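Trainee: Please read through the structure below; I'll follow up with questions.
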Amino acid sequence: MNAVEFKKHGKALIDFLSDYIENIETRNVLPSVEPGFLSKFIKSECSEKPEPFEDIIKDFKSNFMDGITHEHHPHYNAYFSSGLSYPGTLGELVCAGLSVAVFNWINCPAGTELENIVLDWYAKAMGLSEDFISTSSVGGGVLQNSASECILISMIVARSKAIKELKGTSDVHESSFLQNLVAYGSKHANCALEKAAKVSLTKIRMIDVDDNGKINVDLLKEAIVNDLKAGLTPYYVMATLGTTGTTAFDNVFEIGRFCKNIPSIWFHIDGAYGLNAFILPELRKYGKGMEMADSLNVNACKMLLVNFDSSAMWVKNLKYLDNALGIKPVYLTHQHQNTNGVIDYRNYGISLGRRLRALKLWFVFRSYGLTGLRSHVRNIFNLAKKFEALVRKDNRFEVVNEVNLGLVNFRLRCSDVKTKELLAEITRSRKLFMVPSEINGKFNIRYCVIAERMEERHIQEAWNLIQQTATTILYTPCSNI
Ligand SMILES: *Cc1c(COP(=O)(O)O)cnc(C)c1O
């Protein structure tokens with residue numbers, strides 16, 4: 001492809017993306033394809049001969065796009081979906097077009113410095129304490145590949161710190177301390193926590209939650225005290241601000257206060273979705289005590305209109321990150337003379353090569369301004385409240401979470417079975433996509449408001465479909481169990 005063709009196809013694809021978003025409502029949110037559908041259209045071998053780009057685009061627009069679940073459709077109310085905005089897409093475009101790797105300052109000075117600056121912006125926008133802001137502390141932020149990776153990295157850092165302290169000057173191998181280490185989190189923590197413990201080869205205790213889905217802090221304390229008595233080393237506690245299932249906020253103040261007295265514990269907060277809500281100062285009360293965390297993470301793509309992916313983490317003392325993950329081979333260290341204050345992001349994560357993700361955060365934050373982002377967040381939260389009000393007006397249904405953010409958990413009062421049937425029937429229609437969750441042993445449906453273009457009419461349309469479907473499946477009256 002030459003430059004002329006690149007410009008031609010590039011402009012056509014921008015037009016395509018814009019038309020796609022503007023007309024997304026003409027499609028069903030869920031595609032009507034069966035597993036394996038794509039192999040009917042795409043050959044099992046790559047062609048030997050170059051193919052005209054026009055042909056590739058043609059197949060992309062038809063066959064490939066037929067198999068897309070439309071995450072930015074106003075009736076995609078399933079997962080905390082990927083963000084999307086035009087400035088964010090342009091940020092991704094430039095990132096792809098420059099194709100640079102941000103691992104050493106010298107390999108990408110602007111990318112390195114921008115990452116540091118926008119993560120300070122982001123931390124300040126959410127009201128994080130000065131301890132996490134690079135210009136005023138020994139802490140700071142870094143972009144990782146996912147929230148799961150942020151959690152894993154925080155655990156690796158905690159593990160490395162704990163083992164170092166246990167080992168002291170002895171020459172016993174690090175691995176012999178693994179069996180001593182215990183991590184803790186709630187049963188409603190994201191499954192990424194379990195995965196991190198699997199990779200870290202340490203025990204994990206999943207603590208029960210209360211009726212609102214918040215970790216039971218008394219049980220957490222009891223488990224830690226018992227482990228200490230048994231000679232084990234509690235080394236990692238993770239709290240969640242905005243659980244995936246029901247957006248519950250763990251009591252980080254109580255947890256933080258307790259953890260402070262046990263020096264072996266690293267306290268991490270997973271706010272992959274919920275931490276973004278603190279861009280609204282009036283919601284910061286739900287994060288009271290979060291300044292006590294050693295590290296925290298959030299996905300800008302889950303609420304703030306930044307395109308997928310954009311997982312940020314902040315650490316109070318970056319030295320621990322460097323201790324656990326820093327690598328200093330000759331070919332990576334001898335390129336810049338003045339190393340004072342220079343960040344080499346490779347030392348703060350698992351990957352060496354890292355994408356220039358900061359660009360899209362910069363584009364989005366500046367294009368919307370904090371005011372614009374706040375009004376988007378307020379809009380989606382208000383719409384969730386409106387949806388909640390609709391559910392509460394129909395006494396066949398109940399709302400089972402505290403609706404503080406953009407998520408409403410609801411169910412048919414009568415039974416799990418009927419609620420499951422309701423969800424299955426709606427999913428079959430392909431017009432509305434929601435996923436289930438469970439609280440207090442009961443099955444419920446999550447209705448999540450995320451997309452920038454969500455309006456009240458979408459809430460009403462979704463609710464009409466839910467009500468009609470409920471009427472058809474409740475052909476027998478419910479007995480109140
Ligand atoms: C989405 C989510 C995660 C996992 O996010 P990834 O970036 O997909 O790994 C972790 N924790 C919470 C609370 C989440 O909502």
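Trainee: Kindly indicate whether any position in region 382-392 is polar (S, T, N, Q) and either in contact (Cβ under 8 Å) with a residue 12 or more places away in the chain or within 30 Å of LEU114 (Cα to Cα) (or both). Spell out how you get there, then give the answer.
Mentor: Taking region 382-392 and keeping what is polar (S, T, N, Q), we get 382.
Right, trim to either in contact (Cβ under 8 Å) with a residue 12 or more places away in the chain or within 30 Å of LEU114 (Cα to Cα) (or both) and you get none.
Scanning region 382-392 turns up no residue that is polar (S, T, N, Q) and either in contact (Cβ under 8 Å) with a residue 12 or more places away in the chain or within 30 Å of LEU114 (Cα to Cα) (or both).
Trainee: Here's a check for you: in region 67-87, which residue that is away from the ligand (no atom under 12 Å from the Cβ), in a loop (DSSP other than H, G, I, E, B) and open to solvent by 30 Å² or more (accessible area, probe 1.4 Å) is nearest to TYR20 (Cα to Cα)?
Mentor: HIS72
Trainee: Give the residues of region 282-300 that are over 12 Å from the mean Cα position of the chain (by Cα), touching a residue at least 40 places away in the same chain (Cβ under 8 Å) and open to solvent by 10 Å² or more (accessible area, probe 1.4 Å), sorted by residue number.
Mentor: LEU283, ARG284, TYR286, MET290, GLU291, MET292, ASP294
Trainee: Can you tell me which residue among GLU282, GLU222 is more than 15 Å from the ligand (Cβ to nearest atom) and farther than 30 Å from PHE410 by Cα?
Mentor: Details: GLU282 fails: farther than 30 Å from PHE410 by Cα.
Result: GLU222 is the single residue among GLU282, GLU222 that is more than 15 Å from the ligand (Cβ to nearest atom) and farther than 30 Å from PHE410 by Cα.
Trainee: Is it the case that region 164-180 has a residue that's touching a strand residue (DSSP E or B) at 6+ places or on another chain (Cβ under 6 Å) and touching a residue at least 24 places away in the same chain (Cβ under 8 Å)?
Mentor: Within region 164-180, the subset touching a strand residue (DSSP E or B) at 6+ places or on another chain (Cβ under 6 Å) is 180.
Subset that is touching a residue at least 24 places away in the same chain (Cβ under 8 Å): 180.
Yes, some residue in region 164-180 is touching a strand residue (DSSP E or B) at 6+ places or on another chain (Cβ under 6 Å) and touching a residue at least 24 places away in the same chain (Cβ under 8 Å).
Trainee: Right, here's the next one. Could you identify the single residue in GLY274, GLY372, GLY289, GLY349 that is at pLDDT 95 or above and under 25 Å from LYS164 (Cβ atoms)? Talk me through it step by step, then tell me what you get.
Mentor: Working: GLY274 fails: under 25 Å from LYS164 (Cβ atoms); GLY372 fails: under 25 Å from LYS164 (Cβ atoms); GLY289 fails: under 25 Å from LYS164 (Cβ atoms).
Among GLY274, GLY372, GLY289, GLY349, only GLY349 is at pLDDT 95 or above and under 25 Å from LYS164 (Cβ atoms).
Trainee: Also: Filter region 256-281 down to the residues that are polar (S, T, N, Q) and open to solvent by less than 40 Å² (accessible area, probe 1.4 Å), then identify the one that is nearest to THR202 (Cα to Cα). I'd like the intermediate steps shown before the answer.
Mentor: Restricting attention to region 256-281, the residues satisfying the condition of being polar (S, T, N, Q) are 261, 264, 276.
Among the residues that remain, those that are also open to solvent by less than 40 Å² (accessible area, probe 1.4 Å) are: 264, 276.
Details: SER264: 14, ASN276: 30 Å.
That would be SER264.
Trainee: Kindly establish whether PHE103 is in a helix (DSSP H, G or I) and away from the ligand (no atom under 16 Å from the Cβ). Reasoning before the result, please.
Mentor: Details: in a helix (DSSP H, G or I): no; away from the ligand (no atom under 16 Å from the Cβ): yes.
Answer is no for this residue.
Trainee: Tell me, yes or no, whether region 67-76 has at least one residue that is more than 30 Å from ASN190 (Cβ to Cβ), touching a residue at least 12 places away in the same chain (Cβ under 8 Å) and in the same structural domain as ALA384 (by TED's automatic domain parsing).
Mentor: Let us first name the residues in region 67-76 that are more than 30 Å from ASN190 (Cβ to Cβ), namely none.
Within region 67-76, none of the residues are more than 30 Å from ASN190 (Cβ to Cβ), touching a residue at least 12 places away in the same chain (Cβ under 8 Å) and in the same structural domain as ALA384 (by TED's automatic domain parsing).
Trainee: Would you please name the residue that is farthest from the ligand (Cβ to nearest atom), looking only at residues in region 228-248 that are open to solvent by 10 Å² or more (accessible area, probe 1.4 Å) and in contact with a strand residue (DSSP E or B) (Cβ under 7 Å, 6 or more places away or on another chain)? Even if it seems obvious, please write down each step before you answer.
Mentor: As a first pass, look at region 228-248 and keep what is open to solvent by 10 Å² or more (accessible area, probe 1.4 Å): 228-233, 244-245.
From what's left, in contact with a strand residue (DSSP E or B) (Cβ under 7 Å, 6 or more places away or on another chain): 228, 232-233, 245.
On the way: LEU228: 28, LEU232: 26, THR233: 25, GLY245: 9 Å.
That would be LEU228.
Trainee: Which pairs turn up if I take residues in region 399-418 that are more than 11 Å from LYS442 (Cβ to Cβ) and look for partners that are modelled with pLDDT under 95 and assigned to a helix (DSSP H, G or I) with beta carbon separation below 9 Å, at least 6 apart in sequence or on another chain?
Mentor: Qualifying pairs under 9 Å: LYS418/ILE473.
Trainee: Within region 1-58, restricting attention to residues that are in a loop (DSSP other than H, G, I, E, B) and among the hydrophobic types (A, V, I, L, M, F, W, C), which residue is least open to solvent (accessible area, probe 1.4 Å)? Walk me through it before giving the result.
Mentor: The initial filter retains those residues of region 1-58 that are in a loop (DSSP other than H, G, I, E, B), namely 1-2, 23, 27-36, 41-52.
Subsequent filtering for residues that are among the hydrophobic types (A, V, I, L, M, F, W, C) retains 1, 29-30, 33, 41-42, 46.
Values: MET1: 133, VAL29: 0, LEU30: 25, VAL33: 51, PHE41: 106, ILE42: 95, CYS46: 117 Å².
Among those residues, the one meeting the criterion is VAL29.
Trainee: Could you tell me whether region 146-162 includes any residue that is of a type in the set (D, E, K, R) and not assigned by TED's automatic domain parsing to the domain that holds LEU275?
Mentor: Kept after step one, since they are of a type in the set (D, E, K, R), are these residues of region 146-162: 149, 159, 161.
Checking the rest, the ones that are also not assigned by TED's automatic domain parsing to the domain that holds LEU275 come to none.
Looking for residues that are of a type in the set (D, E, K, R) and not assigned by TED's automatic domain parsing to the domain that holds LEU275, one finds none in region 146-162, hence no.
Trainee: Yes or no: region 358-367 includes at least one residue that is touching a strand residue (DSSP E or B) at 6+ places or on another chain (Cβ under 6 Å), at pLDDT 95 or above and open to solvent by 20 Å² or more (accessible area, probe 1.4 Å).
Mentor: no
Trainee: Exactly one condition in (1) part of a strand (DSSP E or B); (2) free of Cβ contacts under 8 Å to residues at least 60 places away in the same chain; (3) crowded, with 22+ Cβ neighbours inside 10 Å is not met by ILE466; state its number.
Mentor: ILE466 satisfies every listed condition except (1).
Trainee: Any chance you could count how many residues in region 126-147 are part of a helix (DSSP H, G or I), open to solvent by 10 Å² or more (accessible area, probe 1.4 Å) and away from the ligand (no atom under 16 Å from the Cβ)?
Mentor: Kept after step one, since they are part of a helix (DSSP H, G or I), are these residues of region 126-147: 130-132, 134-136, 147.
Next cut, open to solvent by 10 Å² or more (accessible area, probe 1.4 Å) only: 130-131, 134-136, 147.
Filter once more, so that each one left must be away from the ligand (no atom under 16 Å from the Cβ): 130-131, 134-136.
Total satisfying the criteria: 5.
Trainee: Something else: If you check ALA197 against the conditions, is it part of a helix (DSSP H, G or I), modelled with pLDDT of 95 or more, away from the ligand (no atom under 13 Å from the Cβ) and within 25 Å of LYS319 (Cα to Cα)? First the steps, then the outcome.
Mentor: Numbers: part of a helix (DSSP H, G or I): yes; modelled with pLDDT of 95 or more: yes; away from the ligand (no atom under 13 Å from the Cβ): yes; within 25 Å of LYS319 (Cα to Cα): yes.
Taking the combined requirement at face value, the residue satisfies it.
The values are calculated or read from the model by the stated rules, or taken from the named source; none is laboratory data. Nothing here was measured: the structure is a model prediction, and the numbers come from that model. Neighbour counts run over all protein chains shown; Cβ positions are idealised from the backbone, glycine included. Heavy atoms of the whole protein, side chains included, go into the accessibility calculation; ligands, DNA and RNA do not. Shrake-Rupley method; radii C 1.70, N 1.55, O 1.52, S 1.80 Å.
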